[in-house]
Amino acid sequence: MKRTVGWLGLVVVPLALAQAPASPFAIEHFSATMQMAAGPAGAMAMKIYKSGDEYRTDMPSGGYMVMNLATHKSFMVMPTGMCMEMPMQMGAGRGPNPFAAHGTVTVEPLGSDTIDGHACRVERVTVTTPKEAPQVMKVWSATDLEGFPLRVETESNGHTMQINYKDVSLAAPAASLFTQPANCRTMPGMPGR
C-alpha cells in the first residue's frame with residue numbers, strides 16, 4: 001500500500017505566498033557525520049548540519065558549503081578563506097544531500113531493520129517535482145531519532161550510492177555555522193546576480 005505524505009506538515013500562509021514543496025525528511029535541526037560510498041567514486045566522510053532551510057557541508061579537504069533552500073542561494077568557503085556566492089542549480093541537493101530534496105513525496109513501506117542499534121523503518125521514498133525526473137531513495141529511518149534517515153540508497157548512472165549518517169544530534173547547530181562571510185563574492189560567470 002502506498003501513501004502520499006507531506007513530511008514537513010502544512011503551515012497556513014497568506015494566499016499571496018506560494019507554498020514550498022514538501023521535503024521527505026522533517027528533521028528541522030541536526031548535525032551528523034555523513035559517510036558516502038558511491039560505486040567507482042570510492043568513499044568519503046564529512047560533517048553536515050541543518051537548521052531550517054539552511055544546510056552546511058564541511059568538505060573533506062577543508063572549507064565548507066552552505067545552501068539555503070528558501071533563497072535558492074549558496075556559498076562556498078575555500079580552505080584559503082576565499083568565499084564564492086552562487087545561485088543553487090536545479091537538481092542541487094540530489095546525491096550527497098537528500099535532505100535538500102523537495103516535491104511531492106510518496107512513501108512505500110518495505111519492512112524494518114536495525115542500524116547501529118537503532119530500530120529503523122525501511123521505506124522507498126519517491127520525490128517528484130514538475131521540472132525534474134523523480135528522485136527514488138531507499139531509506140532506513142530511525143524510530144528513536146524522530147525518523148532520522150540513518151541510511152539512504154539512490155541509483156545514479158547505473159551505480160548505487162549509499163549514504164550513512166553517524167553521530168547524529170538533533171540539537172540545533174550554532175547559527176554562526178551558516179553565516180556568510182563578509183568577503184563573499186559572486187562567482188565569475190554565474191547568472192542570477
Can you tell me which residue within segment 175-185, out of those that are surrounded by 14 or more Cβ atoms within 10 Å (Cβ to Cβ) and of a type outside the set (Phe, Trp, Tyr), is modelled with the highest pLDDT?
Leu177
Please identify the pairs in which a residue from segment 147-174 that is at pLDDT 90 or above and in a strand (DSSP E or B) has its Cβ atom under 7 Å from the Cβ atom of a residue that is of a type outside the set (D, E, K, R) and loosely packed, with under 14 Cβ neighbours inside 10 Å, counting only partners at least 6 apart or on another chain.
Glu153/Thr160
Where the second residue is part of a loop (DSSP other than H, G, I, E, B) and among the acidic types (Asp, Glu) and the first is touching a residue at least 12 places away in the same chain (Cβ under 8 Å) and lies in segment 44-73, which pairs have Cβ atoms under 7 Å and are six or more apart or on separate chains?
Gly52/Glu28; Asn68/Asp53; Leu69/Asp53; Ala70/Asp53
Would you be able to say whether some residue in segment 110-120 is out of contact with any His (no Cβ under 6 Å at 6 or more places or on another chain), within 28 Å of Ala70 (Cβ to Cβ), part of a strand (DSSP E or B) and at pLDDT 90 or above?
no
Which ones in segment 60-91 are surrounded by fewer than 18 Cβ atoms within 10 Å (Cβ to Cβ), part of a loop (DSSP other than H, G, I, E, B) and under 15 Å from the mean Cα position of the chain (by Cα)?
Ala70, His72, Met88, Gln89, Met90, Gly91
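The values are calculated or read from the model by the stated rules, or taken from the named source; none is laboratory data. Quantities reported herein were computed from a predicted structural model and do not represent experimental measurements. Neighbour counts are summed over all protein chains in view; Cβ atoms, including those assigned to glycine, are modelled from backbone coordinates with ideal geometry.
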